[in-house]
Amino acid sequence: MAVLPIVQWPDPRLSQKADPADVDALQSVIPDMFDTMYAAQGRGLAGPQVGVMARVFVMDCGWKEGEPEPRAMLNPVIMASEKVDVIAEEGCLSIPGVLVPVTRPVAVTVQWTSETGEIHMDDFDGFEARCIQHEMDHLAGLVTFDRIDPVLRQELEDTYLADLS
Ligand code: NI
């Protein structure tokens, strides 16, 4: 187990689509992804954020509240989305210090493969639904900046890049 370096935006890997995930090939890296996520005080981490260009992410939306629920999802697919959207501010371990208001469906039905190769399907709402959609965006080469209007995007990007320099 190891804490991996987290790829920081605007690294081009964050704008690339990830490849289908292979359960066997990812066995050693999934524990490292959990270690990395917890060490960074995060609730979700996608493969491309640690340079693993496979359709895999880890999440644990409750650990900070003392209700850990670690989950790894490989090759996740959104089977259905609630028609009602909600807006909320999202942070991202690859864009530290920036909160971006993102509009997303309030609930989703997701099918995924677990790290042991089992196929699951379940409904998610609240923070979990948001987290899953955020992490799935990473697998599609999208970050929070790609989900907002150009004017706000420019403003937030400028602030972020100014802080980096
Ligand atoms: Ni993120």
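Restricting segment 61-80 to residues that are of a type outside the set (Gly, Ala, Ser), surrounded by fewer than 20 Cβ atoms within 10 Å (Cβ to Cβ) and not in a strand (DSSP E or B) leaves a set whose member that is nearest to the chain's Cα centre (by Cα) is 70.
Summed over segment 114-140, the residues that are of a type outside the set (Asp, Glu), open to solvent by 20 Å² or more (accessible area, probe 1.4 Å) and not in a helix (DSSP H, G or I) give a count of 6. Within segment 3-47, the residues that satisfy the criterion of being among the acidic types (Asp, Glu) and not in a loop (DSSP other than H, G, I, E, B) are 19, 24, 32, 35. Just one of the listed residues (108, 98) is buried (at least 21 other Cβ atoms within 10 Å of the Cβ) and not in a helix (DSSP H, G or I), namely 108. The set of residues from segment 97-148 being under 22 Å from residue 75 (Cβ atoms), among the β-branched types (Val, Ile, Thr) and either more than 13 Å from the ligand (Cβ to nearest atom) or over 16 Å from the mean Cα position of the chain (by Cα) (or both) comprises 108, 109, 110, 113, 116, 119. Inspection of segment 16-27 finds a residue satisfying the criterion of being within 16 Å of the ligand (Cβ to nearest atom), in contact (Cβ under 8 Å) with a residue 40 or more places away in the chain, more than 24 Å from residue 165 (Cβ to Cβ) and in contact with a His (Cβ under 8 Å, 6 or more places away or on another chain). The set of residues from segment 86-95 being buried (at least 17 other Cβ atoms within 10 Å of the Cβ) and in contact with a Ser or Thr (Cβ under 7 Å, 6 or more places away or on another chain) comprises 90, 92, 95.
Among the candidates 141, 97, 117, 126, the residue that is at positive phi and modelled with pLDDT under 95 is uniquely 97. For residue 83, state whether it is open to solvent by 30 Å² or more (accessible area, probe 1.4 Å), part of a helix (DSSP H, G or I) and not hydroxyl-bearing (Ser, Thr, Tyr). When the stated conditions are applied, residue 83 does not pass them.
The values are calculated or read from the model by the stated rules, or taken from the named source; none is laboratory data. Everything quoted here is computed from the prediction, not taken from an experiment. Please note: Cβ atoms are built from the backbone with ideal geometry, for glycine as well, and neighbour counts cover all protein chains shown. SASA here: full protein model, heavy atoms, side chains in, ligands and nucleic acids out. Shrake-Rupley method; radii C 1.70, N 1.55, O 1.52, S 1.80 Å.
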